[in-house]
Amino acid sequence: MKVDVLVAEIGSTTTVVNAFNGIGIDPVFIGQGQAPTSVLEGDVTVGLKGAIDSLTRNLQADEITWDDMLATSSAAGGLKMTVHGLVYDMTVRAAKEAALGAGGIIKMITSGRMRRTDLKKIQEIMPNIILVAGGVDYGERETALHNMEMILSMNLNIPIIYAGNVENQDEVRLMCEEAGNQVYIVENVYPKIDTLVVEPTRKIIQDAFEEHIIHAPGMSKVRDLVKGPIIPTPGAVMEAAKVLKDNLGDLVVFDVGGATTDVHSVTAGSEEVNSILISPEPEAKRTVEGDLGVFVNVSHVVEKIGIDKLKQEFPDCDEILEKYKPIPETDREKQFVERMTLEAVLTSLERHAGHLRYFYTASGKKTVAEGKDLTAIKYVIGTGGALTRLPNKKKILEKVKNHSKEQELYPKQTAKILIDEDYILSSLGVLAKSYSDDALRLMKKSLRIGE
C-alpha cells in the first residue's frame, strides 16, 4: 500500500506513526501505528519499525511504502537546554520564552555573571543546546561575554545560541571560532526595554536541534529516513497552534499527558489589557508543568487536590491508585482520570495566564496587568491522550471558561471548545513545515470544524 506522507512522533516511551494520503489534493488521515520507543536498545529505529508494522496491520495491508517521512522527537530526554542571561525579569525571561516556545526542556537558568558552580551544573546536565543572552542592544556588554568565556572554558562542544546585545556578535563569533565551538548568532531576544523578539531564536533552536538530533541512539539513521524537518514534539504543537491562529483567530491549546501538561497560547491579548500591561509577553507562549501529569506524576496531582477532599468524591481512591494504569479501562477509572485531568487543566491555566493587580497611589486606585492575557481567546483546544480520549473531555475544557475570578485574565464565556479528535496535532505541526495548506485542512478535520 502506498502512503503519501508518514509522520513519526518519537517519544521517550512510545513511538507513534501517523499516515496521510491525498496530499496536495484532498488530504486525509488514514491511520496510526505505535510501538515502544527503543532508546534503551541503542537504536530508536527499532521502535520506529515496530510502529510502522503496527500501522501496516491497522491498515490491513501486506506492506506499506511512502513518498515522504517527517518526524518529531522527544526521545533521549527531549531538547535539553540551559539558559543564561543578564536580568532575570528581562533578558532571561525573554530567552526562556524562546526556548519553551521552540519545545525546549529548560534544565537550568542563570542571571548575571556565571560562577564555577554554574559550570559544574551544566556539565552534569549535558544539555543539547546552550542559550546565552544579555543586555539590550548597545547596552551592557560584559556579562554576556564573561558568561560565554566561562561556557567555552569547559570544552563541551555543545552548540551555543547567542541572542543578546548586538554589539557583542562579532566578538562572540570570534571567541567560538577560536574555541572550535559551533555558535548560532541570532537577533537579540530583548533588544530594548519592554520589547520581546523571540521568534528568530525559536527558529534557530529548532534548526540547531535538527542538526544535532543524533544525540539519541539511532537518530542518525532516522535522519537518513526523514526527508523533511525533525523538530521537538512540544515545538510541533506550538507550530500547529500558530497555523491555526492565523486561520481561526486567537486560541489556547491544553496538552495533558502522562508526565506533564503543556499550555500553548497564541494571542496578542486585548487592547484594554495591553494598555495597562507592566511587562511584555510574547504573542506565542508555552508553559510546561512538570508536576501535572495524569499518570507518571499523578501523585502530585492528588496532592494538589488533597487526599481528604479527593476521598469525598472517590471513597475508593486508594484502591484506584493501587491499580492505576496508563490507560483507564473501567468507567470508574475514567471518571478518576477525568478528575485528575480537570485539576491539571485548571492549575496549568492559573500558572499560564496573567492577572490584574490593584494598588493605591496619591491620585487614587490604579490597575495594572501582569502576565499573559487570554481574554481575547476565541478557541480553547484540547489535545494529548487525556483530552482526546476521555468521555467528558469537552466538559473539562468548559470549566476553563467558568474558572475566572475578577482579577484573572482567563478566556471568556464566548470562547468555543474544540478537540483534536484524531490526536494528530503535533504531527500536523511538523507537516505544516512542508505542506502548510494540507496541514491546515487536516487540523480543521481533526477539530471537526465545519461539521
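The values are calculated or read from the model by the stated rules, or taken from the named source; none is laboratory data. What you see is a predicted model; the values in this text were computed from it and never measured. Glycine also receives a Cβ, built like all others from the backbone with ideal geometry; neighbour counts cover every protein chain displayed.
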Please specify each residue of the range 333-349 satisfying the condition of being under 17 Å from the mean Cα position of the chain (by Cα) and surrounded by fewer than 16 Cβ atoms within 10 Å (Cβ to Cβ).
none
Cβ-Cβ under 7 Å, sequence separation 6+ or interchain: first residue in the range 332-350 and within 12 Å of PHE254 (Cα to Cα), partner among the aromatic types (Phe, Trp, Tyr). Which pairs?
VAL345/PHE254; SER348/PHE254; LEU349/TYR410
Any hit, the range 418-429, residues being farther than 15 Å from GLY384 by Cβ and either in a loop (DSSP other than H, G, I, E, B) or of a type in the set (A, V, I, L, M, F, W, C) (or both):
no
Exactly one of PHE314, PHE295, PHE336 is out of contact with any helix residue (DSSP H, G or I) (no Cβ under 7 Å at 6 or more places or on another chain) and either of a type in the set (Gly, Ala, Ser) or closer than 30 Å to PRO411 by Cα (or both), and that one is PHE295
Turns out the helices (runs of 4 or more DSSP H) fully within the range 286-393 with at least 3 residues that are under 30 Å from ASP194 (Cβ atoms) are 331-352
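Take ALA98 and decide whether it is touching a residue at least 40 places away in the same chain (Cβ under 8 Å), closer than 23 Å to GLU210 by Cβ and crowded, with 23+ Cβ neighbours inside 10 Å. Lay out the reasoning, then the answer.
Values: touching a residue at least 40 places away in the same chain (Cβ under 8 Å): yes; closer than 23 Å to GLU210 by Cβ: yes; crowded, with 23+ Cβ neighbours inside 10 Å: yes.
Yes: the conditions hold for ALA98.
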Looking at the range 230-260 only, could you name the residues that are aliphatic (A, V, I, L, M) and part of a helix (DSSP H, G or I)?
ALA236, VAL237, MET238, ALA240, ALA241, VAL243, LEU244, LEU248
Check on LYS96, among the charged types (D, E, K, R), in the same structural domain as ARG202 (by TED's automatic domain parsing), part of a strand (DSSP E or B) and closer than 27 Å to THR260 by Cβ
no
Residues (crowded, with 23+ Cβ neighbours inside 10 Å and of a type in the set (Val, Ile, Thr)) located in the range 76-91
THR82, VAL83, THR91
I'd like to know if the range 169-185 contains one or more residues that are in contact with a helix residue (DSSP H, G or I) (Cβ under 9 Å, 6 or more places away or on another chain), within 30 Å of GLU370 (Cβ to Cβ), surrounded by 17 or more Cβ atoms within 10 Å (Cβ to Cβ) and not assigned by TED's automatic domain parsing to the domain that holds ILE276.
no
Looking for something in a strand (DSSP E or B), β-branched (Val, Ile, Thr), buried (at least 24 other Cβ atoms within 10 Å of the Cβ) and modelled with pLDDT under 95 - is there at least one such residue anywhere in the range 33-43?
no
Being free of Cβ contacts under 8 Å to residues at least 60 places away in the same chain, among the β-branched types (Val, Ile, Thr) and either in contact with a Cys (Cβ under 7 Å, 6 or more places away or on another chain) or within 22 Å of LEU79 (Cβ to Cβ) (or both) is the filter here; which residues of the range 107-157 pass it?
ILE109, THR110, ILE122, ILE125, ILE130, VAL132
Of the residues ALA236, ALA240, only one is in contact with a Ser or Thr (Cβ under 8 Å, 6 or more places away or on another chain), of a type in the set (Gly, Ala, Ser) and more than 21 Å from ALA94 (Cα to Cα); which?
ALA240
Quick count over the range 433-445, residues being in a helix (DSSP H, G or I) and either aromatic (Phe, Trp, Tyr) or surrounded by fewer than 23 Cβ atoms within 10 Å (Cβ to Cβ) (or both), is 9
Sole exception among (1) farther than 25 Å from LYS372 by Cβ; (2) aliphatic (A, V, I, L, M); (3) without any contact (Cβ under 8 Å) to a residue 60 or more places away in the chain for LEU418, by number:
(1)
Any residue that is crowded, with 24+ Cβ neighbours inside 10 Å, of a type in the set (D, E, K, R) and either closer than 27 Å to THR267 by Cβ or not assigned by TED's automatic domain parsing to the domain that holds HIS264 (or both) - is there at least one of those in the range 197-207?
yes
Restricted to the range 436-451 and to residues being modelled with pLDDT under 95 and not small (Gly, Ala, Ser), the residue farthest from LEU251 (Cα to Cα) is GLU451
Quick check on my filter: what residues within the range 394-417 are part of a loop (DSSP other than H, G, I, E, B) and either closer than 20 Å to THR233 by Cα or of a type outside the set (Gly, Ala, Ser) (or both)?
ASN402, HIS403, LYS405, GLU406, GLN407, LEU409, TYR410, PRO411, LYS412, GLN413, THR414
